[in-house]
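Heads up, the thing below is written out as structure tokens.
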Amino acid sequence: DAGITQSPRHKVTETGTPVTLRCHQTENHRYMYWYRQDPGHGLRLIHYSYGVKDTDKGEVSDGYSVSRSKTEDFLLTLESATSSQTSVYFCAISGNSGNFFQFFGPGTRLTVL
Amino acid sequence: GIQVEQSPPDLILQEGANSTLRCNFSDSVNNLQWFHQNPWGQLINLFYIPSGTKQNGRLSATTVATERYSLLYISSSQTTDSGVYFCAVPNTGNQFYFGTGTSLTVIP
């Protein structure tokens, strides 16, 4: 399995608080992605990164920001969490060969009360 | 964005049966991936198959890019095949779009 970890794995927070989720990889892959998974929607892309300090928005980026200061770390921040951001968040990485075969982390379950 | 539709949404099989899952997509793509999400939530790569046919054990996949669909075949299903199967395709900007999945339950 690709070396991808996510932290925390579970988090409960209150509406209006900031939250940061971390994705860490040991594969030196160029591309990193943040998705959310909700019932009835499959996985939807929030943001992705194609290199250090190079990021772009995905399908559902409103209310989220990201940062990538090192190849191995990709942070997802909810500046002011809302109940609609209750979800399971997955990080993914893909390689440098151009085929973009994605590997996923174990996921973070976030509950916003 | 690219529309990705999967069918059927739900499937219940007796152990040992065969099945075919379908993924339709709305635009030309140069990449298509199939994933299995097990009952514990882990997403596992099955195939990277932009075109043609690939096989891996009891699973095989075929993508007909010109007709914008892909099929995942599961033969001699086992209870460990249960879970949700997703296909995903990227746009030209490497944003991936997932279907809503096929939920498979294999009964012993």
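Any read-out appearing in this document is the output of simple, stated calculations on the displayed coordinates, not a laboratory observation. Keep in mind it's a predicted model, so treat the numbers as computed, not measured. A quick note on method: Cβ atoms are made from the backbone with ideal geometry, for glycine too, and the neighbour counts reach across all protein chains shown.
Past 30 Å, Cα to Cα: identify those pairs from A:Lys11/B:Lys54; A:Lys53/B:Lys54; A:Lys11/A:Lys70, in the order given. With Cα atoms farther than 30 Å apart: A:Lys11/B:Lys54; A:Lys53/B:Lys54. The simple Förster model, with R0 at 25 Å and r as the Cβ-Cβ distance, assigns B:Ser51 and A:Tyr50 a FRET efficiency of 0.55.
Each principal axis of the Cα cloud of region A:1-47 was taken in turn, and the coordinate range along them, longest first, works out to 35, 24, 18 Å.
Looking at the calculated P(r) for chain B, what percent of the C-alpha pair distances fall above 17 Å?
Working: 2822 of 5778 pairs.
For chain B, the fraction of Cα-Cα distances above 17 Å is 49 percent.
Along the Cα-to-C-beta direction of B:Ser75, a point sits 7 Å from the Cα; which residues of region B:1-32 have their amide N less than 18 Å from that point? Of the residues in region B:1-32, B:14-22 have backbone N under 18 Å from the label point off B:Ser75. The shape of the protein assembly as shown can be summarised by an equivalent ellipsoid whose semi-axes, obtained from the alpha carbon gyration tensor, come to 29, 20, 16 Å from longest to shortest.
Relative to its Kirkwood radius, the Cα radius of gyration of region A:1-81 gives an Rg/Rh of 0.96. Across region B:87-97, rounded Karplus estimates of 3J(HN,Hα) from the backbone phi angles (6.51 cos²θ - 1.76 cosθ + 1.60, θ = phi - 60°) give 10, 9, 9, x, 8, 5, x, 6, 8, 8, 10 Hz, Gly and Pro being marked x. Positive-end ranking of A:Ser61, A:Val12, A:Trp34 along the dipole of chain A, with charges on Cβ about the Cα centre, is headed by A:Val12. In loop segments of region B:1-100 as defined by DSSP, the GluC sites (Glu not before Pro) with at most 14 further C-beta atoms inside 10 Å of their C-beta are B:Glu15.
For region B:33-108, the relative contact order works out to 27 percent when only alpha carbon pairs closer than 8 Å and six or more residues apart are counted.
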